[in-house]
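Participant: Please find one structure pasted underneath; my questions will follow.
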Amino acid sequence: MAILQVNVRPAATSRSLSPRRGGQLGEFHTRFRWGTSPATTSIQKTLNSDFSQQSAANPSSTESTDWQTIVWKLMPGTTVGRAQLSATQRLREAGSPSSSLDAQLLLAHLYGVERSWLFAHYDHELSAESADAYAELIARRARGEPIAYLVGQRDFYDLTLQVNDSVLIPRPETELLVDAALTYIARRERTVKQVKAADIGTGSGAIALAVARHAPKAHVTAVDISPAALEVARANAQALDLTERVTFCQGNLLEPLTERVHLIMANLPYVNAKDYAELDPGVRDFEPETALLGGADGLDLIRTLLAAAPDYLLPGGQILLEIGYDQRTAVTALANKVLPGRPRIDVTRDYAGHDRVVHIQMG
Ligand code: GLN
């Protein structure tokens, strides 16, 4: 029987509740361990309900006195309805602002069903294996692990993409970059037979695959420095039947490109060192640092890409970059400095009102 012991600093008493960029959990501090420590075992013996909880000041914590220990276990034979309710309570205590949705998504994932199935099967009893597997998923979520990694997928544009912790979880704001790419490609297709596009730092393949799906005549080259990320991107291309239209290359930024392209698209790491240190732990502790951190000012990779871009772009080419909310001025200045021929530069905002996509139209 799996026993979950979670050390929690309740959100209500946590030191900083300021909203942070990215991530799904505003403030979320938990530590947990599985096990049958003497304390856990004695609690187990006293249990006769589906679940149990014990909160107490954690004597082993030296970092903070307001950590609490929650011990939770899920008995086999508990029902879908009760398991869900119990998990919701545990996640709420652990600080998740989406505890009910999380509990539902993880249980639906476990059964391989839509969430609606749960509502029609409240009395369905969990097997011992399901109870253990659910408790483990809830434990990982209580520790702050993103739902997308727990269920292994995330929707982006109109695609469902497989993800794991080798890739950044695709964000909805990046869909705006795809829209901009499709607009450029549609315009360019009036004059060239095949538009060639490159997605630099493709990660899960989100941008490359969404563009390839919606611009069937274009060819996309997807580059990533991480072989593990490329494996995810390739698997996504396979699953979406887009392998014919996307070529995958491992390497640094533009270097693997063997021919010039009309369009360079990139959601490179752009978080600066200070913001990275303060990122939501649900992002910082789980998503790859190499996909987020862009050096001291966040612009290391964008700087290198822009400097090399003239050697890789065809005449009339365009560069689309996702940027951080405070990078508009710096990136515009950089582009003006390193790109020849007075490019036209526009910056569009995301739905949160933050500057997000830089459009650089070369002459
Ligand atoms: N939007 C991400 C975040 O703020 C950052 C993505 C990136 O660095 N490209 O968490």
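Participant: For Gln153, only one of the following conditions fails: (1) within 22 Å of Arg356 (Cα to Cα); (2) touching a strand residue (DSSP E or B) at 6+ places or on another chain (Cβ under 6 Å). What is its number?
Facilitator: So the condition that Gln153 fails would be (1).
Participant: Filter segment 168-195 down to the residues that are surrounded by 21 or more Cβ atoms within 10 Å (Cβ to Cβ) and either among the charged types (D, E, K, R) or in a loop (DSSP other than H, G, I, E, B) (or both) and list them by number.
Facilitator: Within segment 168-195, Leu168, Ile169, Pro170, Arg188, Val195 meet the criteria.
Participant: Okay, moving on. Could you list, in sequence order, all residues of segment 231-286 that are hydrophobic (A, V, I, L, M, F, W, C), free of Cβ contacts under 8 Å to residues at least 40 places away in the same chain and away from the ligand (no atom under 16 Å from the Cβ)? Talk me through it step by step, then tell me what you get.
Facilitator: Step one: filter segment 231-286 for residues hydrophobic (A, V, I, L, M, F, W, C), giving 232-233, 235, 237, 239-240, 242, 246, 248-249, 253-254, 257, 261, 263-266, 268, 271, 273, 277, 279, 283, 286.
Add one more test, that the residue is free of Cβ contacts under 8 Å to residues at least 40 places away in the same chain, and what stays is 237, 242, 249, 273, 277.
Scanning segment 231-286 gives Ala237, Leu242, Cys249.
Participant: Taking segment 91-117 as the search range and keeping residues that are hydroxyl-bearing (Ser, Thr, Tyr) and without any contact (Cβ under 8 Å) to a residue 24 or more places away in the chain, which one is surrounded by the fewest Cβ atoms within 10 Å (Cβ to Cβ)? Full working, then the answer.
Facilitator: Pass one, segment 91-117, residues hydroxyl-bearing (Ser, Thr, Tyr): 96, 98-100, 111, 116.
Now drop any that are not without any contact (Cβ under 8 Å) to a residue 24 or more places away in the chain, which leaves 99-100, 111, 116.
Numbers: Ser99: 20, Ser100: 15, Tyr111: 15, Ser116: 10.
So, considering only residues that are hydroxyl-bearing (Ser, Thr, Tyr) and without any contact (Cβ under 8 Å) to a residue 24 or more places away in the chain, the one surrounded by the fewest Cβ atoms within 10 Å (Cβ to Cβ) is Ser116.
Participant: Listed residues Val271, Val246, Val261; which is more than 17 Å from Ala208 (Cα to Cα) and of a type in the set (Val, Ile, Thr)? So that I can check it myself, show each step before the final result.
Facilitator: Working: Val246 fails: more than 17 Å from Ala208 (Cα to Cα); Val261 fails: more than 17 Å from Ala208 (Cα to Cα).
Going through Val271, Val246, Val261 in turn, just one is more than 17 Å from Ala208 (Cα to Cα) and of a type in the set (Val, Ile, Thr): Val271.
Participant: From the list Asp199, Asp165, which one is crowded, with 18+ Cβ neighbours inside 10 Å, outside any helix (DSSP H, G or I) and within 16 Å of the ligand (Cβ to nearest atom)? Before the answer, list the steps.
Facilitator: Values: Asp165 fails: crowded, with 18+ Cβ neighbours inside 10 Å.
Result of the check over Asp199, Asp165: Asp199.
Participant: Out of Arg328, Arg260, Arg356, report the one residue that is surrounded by fewer than 17 Cβ atoms within 10 Å (Cβ to Cβ) and basic (Lys, Arg). Reasoning before the result, please.
Facilitator: Details: Arg328 fails: surrounded by fewer than 17 Cβ atoms within 10 Å (Cβ to Cβ); Arg356 fails: surrounded by fewer than 17 Cβ atoms within 10 Å (Cβ to Cβ).
Only one candidate qualifies: Arg260.
Participant: Any residue in segment 184-201 that's touching a residue at least 24 places away in the same chain (Cβ under 8 Å) and closer than 26 Å to Pro269 by Cα: show its pairings with residues that are β-branched (Val, Ile, Thr) and part of a loop (DSSP other than H, G, I, E, B) at Cβ separation under 6 Å, as long as the two are six or more apart or on different chains.
Facilitator: Ile185/Val195
Participant: Against the conditions (1) in a loop (DSSP other than H, G, I, E, B); (2) in contact with a His (Cβ under 8 Å, 6 or more places away or on another chain), where does Asn252 fall short? Just the number, please.
Facilitator: (2)
Participant: Here's a follow-up. For segment 320-353, enumerate the residues that are closer than 17 Å to Val178 by Cβ and not polar (S, T, N, Q).
Facilitator: Selection gives Leu320, Leu321, Glu322, Ile323, Asp346, Val347, Arg349, Asp350, Tyr351.
Participant: Which one of the conditions (1) without any contact (Cβ under 8 Å) to a residue 24 or more places away in the chain; (2) loosely packed, with under 14 Cβ neighbours inside 10 Å does Thr88 fail to meet, given that it meets all the rest?
Facilitator: Among (1) without any contact (Cβ under 8 Å) to a residue 24 or more places away in the chain; (2) loosely packed, with under 14 Cβ neighbours inside 10 Å, the lone unmet condition for Thr88 is (2).
Yes/no matrix, rows are residues, columns are (1) within 9 Å of the ligand (Cβ to nearest atom); (2) crowded, with 21+ Cβ neighbours inside 10 Å; (3) of a type in the set (S, T, N, Q); (4) within 17 Å of the chain's Cα centre (by Cα):
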{"residue": "Thr304", "(1), (2), (3), (4)": "no, no, yes, no"}
{"residue": "Ala308", "(1), (2), (3), (4)": "no, no, no, no"}
{"residue": "Leu314", "(1), (2), (3), (4)": "no, no, no, no"}
{"residue": "Ile319", "(1), (2), (3), (4)": "no, yes, no, no"}
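Participant: May I pose another question? Filter segment 287-299 down to the residues that are within 12 Å of the ligand (Cβ to nearest atom), part of a loop (DSSP other than H, G, I, E, B) and either on the phi < 0 side of the Ramachandran plot or among the polar types (S, T, N, Q) (or both) and list them by number. Give the derivation first.
Facilitator: From segment 287-299, those within 12 Å of the ligand (Cβ to nearest atom) are 287-295, 298-299; that's our starting set.
Those still in the list that are part of a loop (DSSP other than H, G, I, E, B) too: 287-288, 292, 294-295, 298-299.
Within segment 287-299, Glu287, Pro288, Leu292, Gly294, Leu299 qualify.
No lab work stands behind these numbers, since they all come straight from the coordinates. As the structure is a prediction and not an experimental result, all values here were calculated from the model. No Cβ is skipped: glycine too gets one built from the backbone with ideal geometry, and neighbour counts run over all protein chains shown.
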